[in-house]
Structure formats: structure tokens, C-alpha cells
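All of the numbers you see were taken from the coordinates with simple rules; none came from a lab. Source: prediction; values computed, not measured. Positions of Cβ are backbone-derived with ideal geometry, glycine not excepted, and every protein chain shown enters the neighbour counts.
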Amino acid sequence: MAPYGEGDIIDISIYNLKDLILTAMKSEIESENVYSKLADTVKNFMLRDKFQFLAGEEEKHRAFFEWLFKENFPGREIVLPEKTPVPLPKIKIDTENLPLSEIMQSAMRAEKATCDFYNGIADKFDKTPEIKKMLLYIASMEMGHYRILEVEKENAMRFEDFDVEWPMMHVGP
């Protein structure tokens, strides 16, 4: 399957439940790592707090998927795949070469794809409405993360615009 692009829909019907849950866990772990790394790299304390908040949210989601795995596969060891079978987008975190707004755009794409992915998984739990509701709730939380990132991306773009230097701008008396 081709890498996930903006607007792509992931057909989860071709994956088994075990792979879907392990993919969700791996995605949450990777997202937590990304947001923690971003929190460590930004100087703005308010933005750092938002990245730390997002990292904490992703940890809570991981814990839910770990519980879900244990509920559906009792006694089986959780072994995360090195590469997930479901092609979710990765967040580009090259803070040395990419402006923060591009990193946030990448994170927004990942949050949107994850929301869509969890909405799809929820359909597999029609017979267990409590789990389905929790998956839909987590999906909506991912869109909340998207909106947080969207606002911060706009702020970052304004800052990046102010940081632009025009040749000869400061020449003169």
C-alpha cells in the first residue's frame, strides 16, 4: 500500500484485530516520543506545555490500547511490530532543517489519519458498545490534538514571518 497522504482513506478491513490494536499502540508510543522530543526542543514555555500535554494524552491512549489488547488476546504477549502493517503517516521532526510550522503540519496530518483510523477500528466493536464509544472518544480527542496543533502552527507561521530578514532593511541612519 502506498504511504498515507492527506485525504487518503485507510481500508482497515484487510487487517486483523490484533494488527490494528498493535498498530494503534505503536502509533501512540511514537506520537508520545515525538511530542516529548518537541517539548524538549522549543524555547517557548507555553508551547512546551502544550507538547507535554499532547505527550501525556498519547500515553493515556497507549494504556487504553494495551488494555484492549489484553481484553481481546488474554495471555498473549504484546509484541509491537518493528514496522506497522497499517500505513499511518509519520511526523517529521527535523527541527534543525524544518520550520516549526512544517513539523506541526506533519503532526496535524498524523492526528487526522489517526482519528480516521480509530473511527474505523470502532466499527469492529459493534457488539461491545462501551469499547466502541471509547474508541470514538479517543478519535475525537485526536481531532482535538489536530486543532491544538492548527492554532500553534498559525502562531509559529506568524513568528516565522516576523523572523524573515529583508536585505538592506536595517541600513541607514
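Figures for the structure shown
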quantity: Only Lys, Arg (+1) and Asp, Glu (-1) charged, at Cβ; region 71-147 dipole about Cα centre in debye; calculated: 180
quantity: Given K50/K92; K50/K83; K70/K90; K26/K124; K83/K133; K43/K92, the pairs whose alpha carbons are separated by over 24 Å; calculated: K50/K83; K70/K90; K83/K133
quantity: Percentage relative contact order, region 73-145, counting C-alpha pairs under 8 Å, at least six apart; calculated: 26
quantity: Computed E for R158/K90 - FRET, C-beta separation, R0 30 angstrom, nearest 0.05; calculated: 0.70
